[in-house]
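Have a look at the structure below, then the notes.
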Amino acid sequence: THFGYEQVPVGEKRQRVAGVFTSVAAKYDLMNDLMSLGIHRVWKRFTIDLAGVRPGEKVLDVAGGTGDLTREFAKAAGPKGQVILSDINAAMLGEGRKRLVDHGLVQVPAVQANAECLPFADDSFDCITIGFGLRNVTDKDAALRSMTRCLKPGGRLLVMEFSKPQSSLLSKVYDEYSFKLLPLMGRLVARDEDSYRYLAESIRMHPDQATLKGMMENAGLARVQVYNLSGGIVAVHRGFKL
Ligand code: SAM
């Protein structure tokens, strides 16, 4: 079935996610552009604007991968601020680090960390983001609690993730696209059909807008708002720690 991965044991999911990102790391940016027809740049721009990072702020980008969000946060926080790129996967983190250095952002640390148990002190960041990362995390509630713990009171968490298309027509077109075209593109461009099939499946299993909002509230966040992008293909959730 499309949902076959749901049944795999927890340790196996962890390994599978590690394998997927190690195998796609080098081609990751190219594939993002191809698969989303470049639209991921618009989604990320929206999230960056909504995060509203100001000079001097402390920002943590969880599951930051190749660092698209981190880079913009580092520019916005400026020399008085501090921005950290973190990811569980060493290969992705390595690509991210390379790209940051290419952009002259040598002051941005890259920390290998699991979102479920972040190695940072309580109340230490003004803003934490996780972009297209939460669906890969095994224990999402633990990750939401861990990120909330690391936020300063008044700080904000932004979760950008694939979500549920709001119309049934869009939903059908999108299903065709992601279960047929996506694995094909994965095979042709990255020579890795399975990783892109995993991607389509992980998107289907991710909690929808309302469910994720409830999970964020359970983790202790308040004033959670949901922003649907591209008809709900992607949603950005923002909540505040009181
Ligand atoms: N945020 C980047 C972006 O938007 O381009 C990268 C997103 S990429 C699709 C997902 C990332 O989540 C991968 O780099 C993967 O290694 C990371 N990841 C998966 N499970 C994780 C976990 N438990 N903790 C932290 N990062 C994780």
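Each value in this text was obtained by applying a stated rule to the coordinates, not by laboratory testing. Remember, it's a predicted structure, so these values are computed and weren't measured experimentally. Glycine also receives a Cβ, built like all others from the backbone with ideal geometry; neighbour counts cover every protein chain displayed.
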- For the stretch 77-208, size of Cβ-based charge dipole, Lys and Arg +1, Asp and Glu -1, in debye: 240 debye
- Message: Limiting things to C-alpha atoms, what are the Rg and the maximum Cα-Cα separation (Dmax) for the stretch 109-217, in angstroms?
- Response: 16.4, 47
- So what's the chain giving for Rg/Rh, alpha carbon basis, Kirkwood Rh from the mean inverse pair distance? 0.94
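Using helices alone, I'd like the mean residue ellipticity at 222 nm for the chain: each DSSP H run of four-plus residues gives -39500 (n - 2.57), total over residue count, nearest 500.
Values: 10 runs with 110 residues, N = 242.
After summing the helix terms and dividing by the residues of the chain, the value is -14000 deg cm²/dmol.
Determine Rg/Rh for the stretch 154-197; Rg is computed over alpha-carbon atoms and Rh is the Kirkwood hydrodynamic estimate from the same atoms. Provide the component values of the computation, followed by the final result.
On the way: Rg = 14.7 Å, Rh = 12.4 Å.
When Rh is taken as the Kirkwood radius, the ratio is 1.19.
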- Query: Stokes-Einstein at 25 °C, 0.890 mPa s, Kirkwood radius from Cα pairs: D for the stretch 47-100 in µm² s⁻¹?
  - Reply: 223 µm²/s
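Under a point-charge model restricted to the Cβ atoms of Lys and Arg (+1) and Asp and Glu (-1), what is the dipole moment magnitude of the chain relative to its Cα centre, in debye to the nearest 20? Intermediate values should be presented prior to the final figure.
Working: 32 positive and 27 negative charges, 83 e Å.
Charge dipole of the chain: 400 debye, to the nearest 20.
Quick one, can you get me the convex hull of the C-alpha atoms of the stretch 48-190 expressed as volume per residue in Å³?
Convex hull volume per residue, Cα atoms: 132 Å³.
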